[in-house]
Each structure stands twice: as C-alpha cells, then as structure tokens.
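This report refers to the structure that appears directly beneath it.
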Amino acid sequence: MHLANYLEYLRKAETDLAQGFRGIGEGHKEEVDIFHTADTLAGQCEAHAEKLAPFCEKYGEESSTEPDRLYHELFGGTRSGGLGLLRDLQDLYLMAHACDISWTMIGQAARGARDEDLLMVVDACEGQTATQIKWLQTRMKQAAPQALLVAS
Amino acid sequence: MNGQPTAQNTRECGADGDLPAFRNWDNREHIKELARLWNVDQLTIPDWAPPTHAMQIWRYAEQGSIEFMWIQCTNPAVSLPELHRIRSILKKEDLFVVVQDIFLTETARLADVVLPAATWGEETGTYTNADRTVHLSEKAVDPPGEARPDLDIFLDFARRMDFRDRDGNPLITWEHPEQVFEAWKECTRGRPCDYTGLDYKKLRSGSGVQWPCNDEHPEGTERLYSDNDFHTRTGDCETFGQDLLTGASYTEADHRATAPDGRAFLRAASYVPPREPPREDYPFRYTTGRTLYHFHTSTKTARAPQLNAAAPEVWMEMHPSDADELGISEGDLVSVESPRGSLEARARISGIREGVVFVPFHYGYFDEDDPEVHRRAANELTITQWDPVSKQPMFKMAAARVTRIAGADGTPAPAPPARRE
C-alpha cells in the first residue's frame with residue numbers, strides 16, 4: 001500500500017508551499033497585495049498539512065518501503081525586482097500544481113478505501129489549492145507585460 | 001453602484017481603467033466590437049489581464065517602470081493612503097508628472113506641468129448620476145485665464161500625437177461635446193447602459209433621463225431588473241468574476257459552468273481579520289470618512305465660504321470613556337499617530353464606538369499658512385493596502401495612538417454638530 005507515501009509527500013509539499021508563500025511575501029514586502037495575500041495562503045497551506053497529519057499516522061503503519069523519489073526542491077529563496085517576482089511566483093505556481101494533482105490522487109485513493117474522513121479533508125482543501133493556482137496565474141499575468149517589457 | 005455622478009460616468013465610459021460600456025476585458029467578442037467601433041487593430045486594446053489599477057500604477061511609478069503620469073481631476077496627494085509615500089513618488093526625478101485640474105491642488109503643486117482645466121458651467125457635457133440619470137450641463141461662462149475644457153485638452157493632445165486608425169485616418173474625428181456624445185451612444189448600443197435613445201435635444205427638453213434609453217425604452221428606464229433578468233450571461237457580463245479572498249480571476253469556462261443564464265449571484269466571503277489590528281503601542285482602531293459640508297479633498301468646497309465655515313478644520317472623534325482614560329476633554333489639541341504618520345486635531349467627544357477614533361479625510365494643505373507642514377491630512381496615517389477585488393484602498397483599518405498636546409481654552413472642536421441618531 002503506497003497511500004502513506006503520497007500523504008507524506010503532500011504534507012511536505014503543502015509545508016514547503018506554505019514556506020514558499022511566506023518567503024515570497026517577506027521577500028517582496030513592497031508589493032503589499034502579494035505580502036498580504038501570500039500570508040493568507042500560507043496559512044491555508046499550513047492548515048492543509050495539519051489536516052493530513054492524522055491520516056499520515058493512520059496509513060503510515062501500512063507504509064511500503066518503496067524509496068521515495070517524489071520530492072524535488074522547486075523554491076530556493078526569493079529573488080528581487082519585477083522579474084524576480086515573476087520567477088518566484090512561477091516557482092510557487094509549479095509547487096501549487098504538485099499539491100493540486102496530489103489532492104486528486106489522494107481523493108481517488110480515499111474513494112477506493114471508502115475513507116469518508118479523508119474524503120472530507122480532500123473536499124475541503126483541494127478547492128483552496130485550485131484558487132491558489134488561479135491567484136498565482138492572475139497575478140503573474142498582471143505582472144508579466146510590465147516586468148518583461150518595461151522594467152529595467 | 002457609485003457614490004458620485006462623475007464616478008458613475010467615468011466608470012461607464014472606461015475612464016477608470018475598465019473598458020467602455022461595461023465591456024469585459026476577457027471577452028474576445030467585446031474587444032472585437034471596440035476594435036470595429038474605433039477602426040483599430042484589435043491588438044491595440046489591452047485585453048491581456050485585468051486593468052492595471054491605480055494602486056498598482058503608483059507602485060510601478062515608485063519602482064521606476066512608469067516614467068510619465070498624467071493625473072486628471074483627482075488629488076492623490078490628499079486622497080490616497082500613506083501620503084508621505086505618495087508625495088515622495090510625485091517628487092521623483094525620473095517621474096514626469098502632468099496634473100490637469102481646476103485649482104492648484106496639493107498634487108498640482110508637485111507636478112512638472114499643470115494643465116488648468118475648466119469646471120462645470122465653463123464647459124458643456126453630460127453627467128450620469130449614480131441612479132443612471134443622464135443630465136446635460138451646458139456652458140454658461142468662459143473659463144478664466146488659460147483654463148480650457150477637459151475635452152479640448154484631450155483633443156489637442158490627440159491631434160499633437162497624431163493618433164491614427166487602421167486606415168491611416170485621424171483616430172479622433174470629433175470636435176464638439178455633442179459629437180462625442182453621438183460617438184458614445186454608438187459605443188453603448190446593446191450594452192446595459194444603452195444611450196442610443198438620447199440626444200442633446202431630448203436632454204434639453206425636460207429633465208434628466210435614466211438609461212437604458214433606446215428603441216425599446218424611448219423614455220428611459222426608472223427601475224432595472226423588475227423581470228429578475230440580470231446581466232450575467234457569459235457573453236454579456238462585464239466580468240467572469242473573481243475569488244473574493246484573493247482577487248483571482250475566474251475564466252470564461254468557470255463562469256459558463258455556473259450556468260448563470262440571467263440569474264443574480266450572491267457570494268459569501270469568510271471573515272478575514274484586519275492586517276493591522278490595534279495593539280499595545282497603537283491601541284485605537286483608526287478610521288476616516290466624510291462630513292456633509294465637504295466633497296473629497298475639499299478642493300472646491302473649502303473655497304465656498306459657507307461650506308468652509310460649517311466645517312473649517314480637521315477634528316478627531318473619540319468615545320467619552322477613551323477620552324477620560326487619556327485625560328482628553330472636548331476641544332483639546334491631540335496628536336494622532338500611526339506607524340506611518342501623524343496629524344494634530346482638536347478632539348470631539350462623541351457617540352463613536354469605544355476603541356475607535358475617526359478623522360475626516362477632506363483636509364489637505366493648499367489653504368494652510370505653510371503647505372509644507374504635513375500635520376493635517378487623515379491619510380498621513382492610513383495604510384497602503386487594498387481590497388483584492390475592488391482595489392479600493394483600505395482607509396478604515398489602521399492602528400493609531402492618541403496623545404494630548406494642549407488644552408481647549410474653552411472652545412469646542414471645529415466639528416459640525418453630530419448627526420441625529
């Protein structure tokens with residue numbers, strides 16, 4: 001049974017994404033909308049990770065010893081300036097997508113396992129992850145012309 | 001729904017960064033209509049992202065990627081949050097600022113070029129009220145000195161820039177307000193704000209008329225949506241919507257999936273606590289607002305003797321128990337400070353909520369003895385932050401502290417009488 005690996009992976013991905021949001025907020029404090037929104041979204045990700053914890057424990061006992069190659073580092077600290085902001089947002093965009101597809105997979109497994117508690121967690125969280133992606137996309141689309149064409 | 005007629009008609013016609021006649025920037029058909037109407041290449045119309053809002057424009061100017069700003073009929077050096085920041089951006093060497101207004105405002109004082117403009121009664125044009133009533137306001141007297149109607153300034157600019165349509169003909173073909181109105185009517189055809197049934201003759205023959213006014217409603221429309229049919233169809237709507245927490249744009253597919261079909265949407269949003277709650281060193285919730293006697297930054301109303309006499313000077317309102325605790329009595333001079341700035345005002349002890357202080361935002365510096373001393377405007381203290389959907393700055397939620405500076409000498413605060421509850 002490999003569900004535990006996925007649950008652990010998602011818990012770590014959400015924790016990393018929370019740190020990414022906090023990092024981008026702090027690193028681009030002068031972009032006040034990003035500072036505030038990123039802080040709110042970091043809180044969402046932390047709550048997601050927390051909600052996953054009991055299921056990591058529950059399924060962890062049956063965990064396989066498959067070596068874990070799911071992890072990859074996407075966000076290595078904030079860059080500066082308009083272009084830096086764009087690239088930082090793009091890193092988070094990829095990280096949020098990793099969470100998004102993991103929620104889908106875990107939702108599938110939860111259905112197969114008839115685990116209603118886990119399904120409730122998936123239902124509550126995956127919509128927030130989808131909105132995080134939409135926000136990142138909206139903000140990047142807004143920033144791209146100025147950052148790529150005009151800013152020095 | 002807008003607060004003022006000028007806000008209503010500037011939003012309708014696209015002067016606030018939205019597209020004219022409530023067109024949707026994310027709807028290719030709407031963009032095509034505009035391109036046809038103006039005979040321009042579709043690519044000249046910026047439709048790639050939501051309009052760049054004012055707060056973001058200021059940020060780009062601060063960073064230096066905007067080097068030219070033309071400010072028309074608004075006074076950000078008093079009306080925007082965190083005024084020291086706004087002043088420092090306006091003063092930047094690498095930002096060329098043009099201000100077009102009817103008086104030498106606080107903003108105009110910081111401009112590189114001032115374009116003196118005419119006011120109502122000195123120029124002809126229509127206003128649309130917040131209830132959609134279109135009024136014609138005709139020129140009665142010539143503008144003073146070098147002041148020119150705003151339209152003449154824009155037309156002169158277009159001529160000098162030699163703007164052309166896609167056939168190489170002049171882009172702007174109008175010269176008079178009535179011709180502009182006729183062009184605007186075409187732009188509104190079939191849109192919620194349909195003006196096609198109006199003309200100057202009709203507007204002169206009676207009072208104002210409420211849009212939509214067209215073949216179907218030749219005398220205008222007093223009440224909207226009495227048939228419970230709203231402008232929410234995907235091809236018709238002004239926006240596909242946004243997430244209320246983050247401002248994330250919904251796509252056409254998202255919108256279509258909700259099967260709007262003329263139904264109204266009521267969206268719920270979860271409570272989000274303010275970003276700067278009161279704390280030990282800044283224990284009050286600081287909020288700003290208006291008095292009946294002044295309009296916005298009082299550019300006009302402070303010059304009207306009767307209005308100015310009714311509310312001549314800034315004041316701060318405070319609850320009696322908060323005042324007791326700080327030893328503040330009616331009329332005492334106090335300093336109000338936030339992490340960003342401070343002001344001085346006389347205290348009005350009022351029925352305001354405990355823990356909250358209020359300062360009206362109308363007062364700036366143009367009528368002060370020394371306009372370089374900045375201890376009066378409410379927005380010295382406010383926070384640079386805005387609502388993610390409306391982009392409205394959050395003027396009502398800063399933290400502040402209040403300190404008594406001097407006694408009242410028996411005179412009450414210069415606040416107008418409290419309104420009756």
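Before moving on, here are some points about what is shown:
- Screening the candidates B:Glu182, B:Glu175, B:Glu219 for the property of being among the charged types (D, E, K, R) and not in a loop (DSSP other than H, G, I, E, B) yields one hit, B:Glu182.
- Note on segment B:268-290: residues that are hydroxyl-bearing (Ser, Thr, Tyr) and touching a Phe, Trp or Tyr at 6+ places or on another chain (Cβ under 9 Å) amount to 3.
- Looking only at residues of segment A:110-121 that are surrounded by fewer than 18 Cβ atoms within 10 Å (Cβ to Cβ) and assigned to a helix (DSSP H, G or I), we find that the one that is farthest from the other protein chains (Cβ to nearest Cβ) is A:Gly112.
- Extreme residue, farthest from the other protein chains (Cβ to nearest Cβ), among residues of segment A:122-145 that are surrounded by 20 or more Cβ atoms within 10 Å (Cβ to Cβ) and touching a residue at least 60 places away in the same chain (Cβ under 8 Å): A:Cys125
- Among residues of segment B:222-261, those that are crowded, with 17+ Cβ neighbours inside 10 Å and either of a type in the set (Lys, Arg) or not in a loop (DSSP other than H, G, I, E, B) (or both), counted: 3
- Test: residue in segment B:124-141 that is more than 26 Å from B:Asn2 (Cα to Cα) and of a type in the set (Lys, Arg): no
- Residue list for segment B:204-241, filter: among the small types (Gly, Ala, Ser) and out of contact with any strand residue (DSSP E or B) (no Cβ under 7 Å at 6 or more places or on another chain): B:Ser205, B:Gly206, B:Ser207, B:Ser226, B:Gly235, B:Gly241
- Unmet criterion (only one of (1) away from chain B (no Cβ under 12 Å); (2) surrounded by fewer than 20 Cβ atoms within 10 Å (Cβ to Cβ); (3) assigned to a helix (DSSP H, G or I)) for A:Leu83: (1)
No lab work stands behind these numbers, since they all come straight from the coordinates. Quantities reported herein were computed from a predicted structural model and do not represent experimental measurements. We place every Cβ from the backbone using ideal geometry, glycine too, and count neighbours over all the protein chains shown.
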